[in-house]
1. Can you find, within segment 777-821, the residue that is least open to solvent (accessible area, probe 1.4 Å) among those that are of a type in the set (Phe, Trp, Tyr) and over 24 Å from MET860 (Cβ atoms)?
2. Looking at ASN264, ASN217, ASN256 in this structure, which one is within 16 Å of ligand 1 (Cβ to nearest atom) and on the phi < 0 side of the Ramachandran plot?
3. Looking only at segment 495-510, filter to residues that are crowded, with 23+ Cβ neighbours inside 10 Å and of a type in the set (S, T, N, Q); which one of those is farthest from ASP532 (Cα to Cα)?
4. Run down ALA392, ALA376, ALA410, ALA406 and say which single residue is aliphatic (A, V, I, L, M), within 16 Å of TRP259 (Cβ to Cβ), buried (at least 24 other Cβ atoms within 10 Å of the Cβ) and within 12 Å of ligand 1 (Cβ to nearest atom).
5. Would you pick out the residues in segment 433-460 that are open to solvent by less than 60 Å² (accessible area, probe 1.4 Å) and without any contact (Cβ under 8 Å) to a residue 40 or more places away in the chain?
6. Cβ-Cβ below 7 Å, separation at least six or inter-chain, first residue in segment 264-293 and polar (S, T, N, Q), second away from ligand 1 (no atom under 16 Å from the Cβ) and in a strand (DSSP E or B): which pairs?
7. With the requirement that a residue be surrounded by fewer than 19 Cβ atoms within 10 Å (Cβ to Cβ), over 38 Å from the mean Cα position of the chain (by Cα) and in a helix (DSSP H, G or I), what does segment 738-776 give you?
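The values are calculated or read from the model by the stated rules, or taken from the named source; none is laboratory data. Treat the numbers as computed from the prediction; the structure is a model and nothing was measured. Don't worry about glycine lacking a Cβ; one is built from the backbone with ideal geometry, like all the others, and counts go over all protein chains shown. Remember, those area values only see protein heavy atoms, side chains included, never the ligands or the DNA or RNA. Shrake-Rupley method; radii C 1.70, N 1.55, O 1.52, S 1.80 Å.
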Amino acid sequence: MQTFDFLEQIPDADPADTARLIAELERSVTAHGPERARLLMMRLMARARDLGVDLPTLATTPYINTIKTSDEPSFPGDEAMETRIRHIVRWNAAAMVLRANKEHPGIGGHLATYASAASLYEVGFNHFFRGKVGGAGDQIFYQGHAAPGIYSRAFLEGRIGEAQLDRFRQETEGPGGLPSYPHPRLLPDFWEFPTVSMGLGGIGSIYQARYNRYLHNRSLADTSASRVWAFLGDGEMDEPESAGALTLAAREGLDNLTWVVNCNLQRLDGPVRGNGKIVQELEGLFRGAGWNVIKVIWAREWDPLLAKDETGDLVRKMDSTVDGEFQKYTVAGGAYIREHFFGPEPALAQLVAHLSDEDLVRLRRGGHDYRKIHAAYSAAVAHKGAPTVILAKTVKGWTLGPSVEATNPAHQAKKLTEAELRAFRDRLDLPIPDEKIPEAPYYHPGPASPEAKYIAERRAALGGPLPSRVVHPSVWTAPQPAVDEEFAAGSSVAVSTTMAFAKLMRNLMRDPALGKLIVPIVPDEARTFGMDPLFKQVGIYAPFGQRYEPVDSELLLSYRESQSGQVLEEGITEAGSMASFQAAGTAYATHAVGTIPFYVFYSMFGFQRVGDQVWQSGDARARGFLIGATAGRTTLAGEGLQHDDGHSHLIAHAMPHVVAYDPAFAYEMAALVRRGITRMYERGEDIVYYVTIYNENQVQPALPSGASVTEGIHRGLYQFAAADTANPGARVRLFGSGAIMGEVLKARDLLRDRFGVQAEIWSATSYSELRREALVVERWNRRHPDTTPRKAWLQEQLEGDRAPIVAASDWMTAMPDLIAPWIDVPYLVLGTDGFGLSDTREALRAFFSVDAAHIAAAAMVALSRNGDRSASDAAAAIKELGIDPELQPVFVLDR
Ligand SMILES: Cc1ncc(C[n+]2csc(CCOP(=O)(O)OP(=O)(O)O)c2C)c(N)n1
Ligand SMILES: [Mg+2]
């Protein structure tokens with residue numbers, strides 16, 4: 001037993017006493033067998049715990065309910081009434097899916113997920129979930145595929161009408177359609193947290209609970225009465241995002257967090273762990289991570305059997321039966337259960353001899369027992385010092401009949417035959433006449449019915465209806481001029497846009513009104529980006545303060561952790577950082593406090609790494625800044641293939657809520673941040689800014705004057721420098737962005753000095769914004785062909801000039817290509833397609849053809865295409881610039 005080898009290294013003060021105890025154990029094993037010895041050991045451990053001995057926790061406990069029946073609190077509600085309510089909710093949840101699919105075959109929807117989870121939600125709605133009257137209430141992450149059940153309850157509560165239920169999954173007609181899943185973007189007064197991309201609800205809920213504490217500890221909101229509840233599927237627990245942040249929740253003592261994992265033992269294709277036991281596996285995972293675990297495995301019908309199980313045979317059988325077999329028992333009927341589960345052990349067969357086969361089928365799983373769930377939730381909210389997970393064992397498709405219940409395809413069932421529907425109605429005991437069954441009618445007992453009154457009273461007592469998303473008008477003060485005026489002045493020494501950004505952050509956080517609302521989020525890269533002065537300035541958030549003297553305490557800029565610290569230093573977790581970004585960026589709705597997250601990361605590990613969470617932030621209507629630092633395929637230079645980002649802007653462009661910029665200069669970056677804050681926090685736009693910043697130093701120019709400059713920074717393009725009109729040579733327009741602007745400026749000199757060509761310099765801060773606006777204008781023109789066409793900003797800026805254009809950036813050529821349809825002069829684009837490489841900036845820029853020489857050469861070719869220069873002039877220029885036209889870059893994919 002390798003595990004215990006360490007014992008040899010621990011001194012034993014009384015070996016004789018040890019030997020005596022071990023002999024005692026050996027005697028017990030010899031006399032009673034290993035089972036009894038196991039029990040003895042556990043009893044000893046329990047007693048030792050009582051005596052204050054610090055022992056490691058057991059990874060798993062037997063396959064029975066964690067809470068003893070005698071410890072269950074009495075149920076405070078009217079159980080019969082709540083059963084009737086649950087039946088109505090179950091019915092309508094199914095009816096809305098059946099009706100939608102009858103009307104529009106293939107529209108989809110899910111019956112089985114909610115059917116297995118109905119009791120888990122209903123206990124919450126009737127007794128635990130706190131609404132928003134007088135405070136933020138609880139934050140509830142509903143399992144995405146359970147959405148029909150949540151709509152159905154809102155229907156019973158009178159918050160959603162029949163007509164709206166009938167528009168499940170029919171959203172394009174405008175307001176009133178019900179989104180397939182929890183999508184605040186599409187139903188902003190109802191849903192709060194998008195969860196249907198499996199795993200994201202899990203990690204999101206942990207960081208939400210953590211952010212609630214952050215807001216509280218920083219005195220930005222009183223979140224002491226808020227609890228975060230997250231409902232997850234057992235299959236969903238396989239997602240890295242589900243399990244990845246469990247230790248954070250325990251480490252930070254998040255007892256304001258409760259997870260309910262619906263262990264119906266199935267996912268989409270089949271069993272989650274046919275050959276094992278998902279509940280036990282999850283118990284080990286959560287216990288190991290430091291969570292309080294409550295298992296709800298067996299319903300009350302098992303209590304008398306367990307009480308009579310004097311030999312322990314029943315618990316042993318429960319322990320040794322794998323999930324695949326439990327599934328079989330659910331579908332195979334009472335005789336099969338008797339023969340295969342109880343039959344092999346005479347003591348077990350005897351235990352159920354008094355029960356009929358039908359009785360055996362009615363031995364339910366714990367997650368369908370209202371009282372057991374209530375007991376678990378009560379224990380969870382009372383638990384102090386750690387988050388709680390409730391592992392509730394259920395049947396997928398419960399009550400939907402044998403064609404769905406626990407069958408392998410249950411997840412995708414969205415139809416029931418009339419006979420099945422009739423049986424479902426009978427089981428739910430609802431007064432729906434037979435002749436109506438074919439249309440799967442909704443059933444509402446009426447607003448004055450006891451059921452409707454009961455739930456209305458329950459919700460009123462708990463603080464109002466849920467789900468509900470409320471946006472309070474925000475109190476707003478613009479950043480003071482001191483925050484960013486220095487950037488408009490330019491710099492005398494060479495600094496990077498990253499250094500300027502770090503300075504801007506420090507200034508912002510000193511702003512008297514806004515400063516406290518800024519939430520810097522870093523995944524262990526603050527030093528890389530020059531943001532480590534913030535550690536001392538505003539502190540790193542640490543819920544229990546700093547319990548050690550930091551190694552750098554003597555230094556001016558020390559590593560300072562504090563309970564009221566402002567920086568969220570996440571460690572190396574981009575997924576966790578994005579979850580924080582979302583909690584902070586939605587706090588304007590969740591907690592009526594408009595915190596402004598700035599998540600600063602290696603740009604390569606942003607959209608590419610956590611793209612689904614960025615997408616989710618759009619659904620959640622998060623606001624804030626994503627700052628892609630060390631950007632650019634060639635600017636990051638030495639880091640190579642896995643680090644050099646030349647495409648995050650392309651991914652960002654695919655995200656409708658992301659407004660993306662690639663500023664070249666510090667004044668652009670500062671102007672963008674100011675405008676972004678105004679748009680999101682003053683005007684209330686639900687957008688996210690993505691700004692890339694670079695680590696290449698340059699003397700920063702001052703902001704040029706002119707309205708088209710200030711406006712153009714935000715629209716995506718402006719003229720930075722005019723051509724030299726005193727010199728009447730041929731003229732080109734050069735578009736530069738980000739760090740490649742430096743090469744563009746050098747190309748201007750080359751063109752002038754070597755070829756007598758004049759170049760105008762344009763700063764292209766956002767190809768994606770230019771395209772989006774042009775598309776809107778184009779659509780209008782397409783629909784109004786007989787009217788004077790409208791013009792986009794891009795067209796207004798460039799029209800009436802035949803000078804050709806060369807665009808260069810540190811991104812893929814697809815970026816400048818985004819605006820090609822609206823350019824009617826020769827337009828040559830240079831970019832960094834392909835994998836990045838490690839080398840010097842100079843070498844990389846030559847390699848990818850984005851250095852000054854290649855830009856100048858492309859300008860000569862563009863002129864030749866326009867007829868301003870001859871083709872042989874262009875060929876000669878290429879030669880003179882030292883470019884070998886036959887040289888193939890070694891790593892360009894040969895297609
Ligand atoms: C990231 C992601 N991958 C896949 C899916 C497709 N999907 C939706 S539900 C589901 C199975 C869910 O099983 P489980 O988590 O056990 O939930 P249950 O319905 O059984 O409660 C799958 C694979 C998804 N929604 N998100
Ligand atoms: Mg499942």
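1. TRP793
2. Just one listed residue meets the conditions, ASN264.
3. Result: THR497.
4. Just a single option satisfies the conditions, and that option is ALA392.
5. PRO433, ILE437, PRO438, GLY446, SER449, listed by residue number.
6. Taking only residues 6 or more apart or on different chains, the pairs are ASN292/THR388.
7. Answer for segment 738-776, where residues must be surrounded by fewer than 19 Cβ atoms within 10 Å (Cβ to Cβ), over 38 Å from the mean Cα position of the chain (by Cα) and in a helix (DSSP H, G or I): LYS746, ASP749, ARG752, ASP753, ARG754.
Conditions (1) more than 25 Å from MET578 (Cα to Cα); (2) among the β-branched types (Val, Ile, Thr), marked per residue:
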{"site": "GLY676", "(1), (2)": "no, no"}
{"site": "ALA702", "(1), (2)": "yes, no"}
{"site": "TYR718", "(1), (2)": "yes, no"}
{"site": "PRO728", "(1), (2)": "yes, no"}
{"site": "VAL732", "(1), (2)": "yes, yes"}
{"site": "ALA739", "(1), (2)": "yes, no"}
{"site": "GLU743", "(1), (2)": "yes, no"}
{"site": "PHE755", "(1), (2)": "yes, no"}
